[in-house]
Amino acid sequence: MEPKKNPKADVSRNSSIYFAVGLALMLLLTNLAINYKTYDKADLDLGKVQMEDEMEEEIPITEQLLTPPPPPPPPPAIPEVIEVVEDEKEVEETVIKSTETSQEEKIVKVEQVKVVEVEEDIEVPFSVIENVPVFPGCEKEKSNDAKRQCMSDKISDFVNKKFNVDLASELGLSGKQRISVMFKIDKSGDIINVMARAPHPGLEKEAKRVIGLLPKMQPGKQRGKAVTVPYSLPILFQVQD
């Protein structure tokens, strides 16, 4: 029995070749479509460059500095005229005598030289002095520590009684006020070199006035000799509003 179709007319015989060629053509067309670019004509119109129009450069105006002419050279120095003066005066030569003594010369006896001791003004701090200054009324205390405490108490009571606490309110100050006072008790027991530091000059003046009223004391002693003793005193008070 013979087949109905011609074997040469079988399309499926070369289908793989046709598929590969068709796929290659499609890929080529796709690549060309993706890479295809278009440009706007307005963007491509760059215009014409006029080479004839030259740019004018603005040259800044500068001020020309005129250098002053060099100073004229100094005039030549006038040579000194040396006058020769005749030596009419006779110059007496100085004769240097010898200071050596001979054995026949008598030796003069020198009297005994007296050495005068100069007293130094020594200052010893109040905290380490051997014998503290004695405030009037503290003579009955026996130990040095007791005299030191008695003196501090007496000075504090004296200042509290004599200090004008109303002065701070009159000066327009308020709150707690602190005044630092320093003074020295010299070898005679007198108060000297009073210094004060306060928030207002008026308070410093009042503190110096009160310390100047302290009575004379027995001077402090170090190794049996009277010495100067510095003393510091803080004054604290509250201003009543």
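The values are calculated or read from the model by the stated rules, or taken from the named source; none is laboratory data. Here the structure is a predicted model, which means the values were calculated and not measured. All Cβ positions, glycine included, derive from the backbone under ideal geometry; neighbour counts span all protein chains shown.
Conditions (1) touching a residue at least 24 places away in the same chain (Cβ under 8 Å); (2) on the phi > 0 side of the Ramachandran plot, marked per residue:
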{"residue": "GLN149", "(1), (2)": "no, no"}
{"residue": "VAL159", "(1), (2)": "yes, no"}
{"residue": "LEU171", "(1), (2)": "yes, no"}
{"residue": "ILE179", "(1), (2)": "yes, no"}
{"residue": "GLY189", "(1), (2)": "yes, yes"}
{"residue": "VAL194", "(1), (2)": "no, no"}
{"residue": "LYS205", "(1), (2)": "no, no"}
{"residue": "THR228", "(1), (2)": "yes, no"}
Legend entry - Count of residues meeting criterion [in a strand (DSSP E or B), exposed (fewer than 15 other Cβ atoms within 10 Å of the Cβ) and modelled with pLDDT under 90] in region 190-224: 0
Legend entry - Conditions (1) of a type in the set (Lys, Arg); (2) touching a Gly at 6+ places or on another chain (Cβ under 7 Å); (3) over 22 Å from VAL134 (Cβ atoms); number of the one not met by LYS216: (3)
Legend entry - Filter result (small (Gly, Ala, Ser), in a loop (DSSP other than H, G, I, E, B) and farther than 18 Å from GLY224 by Cα) within region 121-152: GLY137
Inset, instruction - Could you list, in sequence order, all residues of region 203-241 that are among the polar types (S, T, N, Q) and closer than 17 Å to GLN149 by Cα? - result: GLN218, SER232
Inset, instruction - For LYS176, indicate whether it is surrounded by 12 or more Cβ atoms within 10 Å (Cβ to Cβ), charged (D, E, K, R) and out of contact with any helix residue (DSSP H, G or I) (no Cβ under 9 Å at 6 or more places or on another chain). - result: no
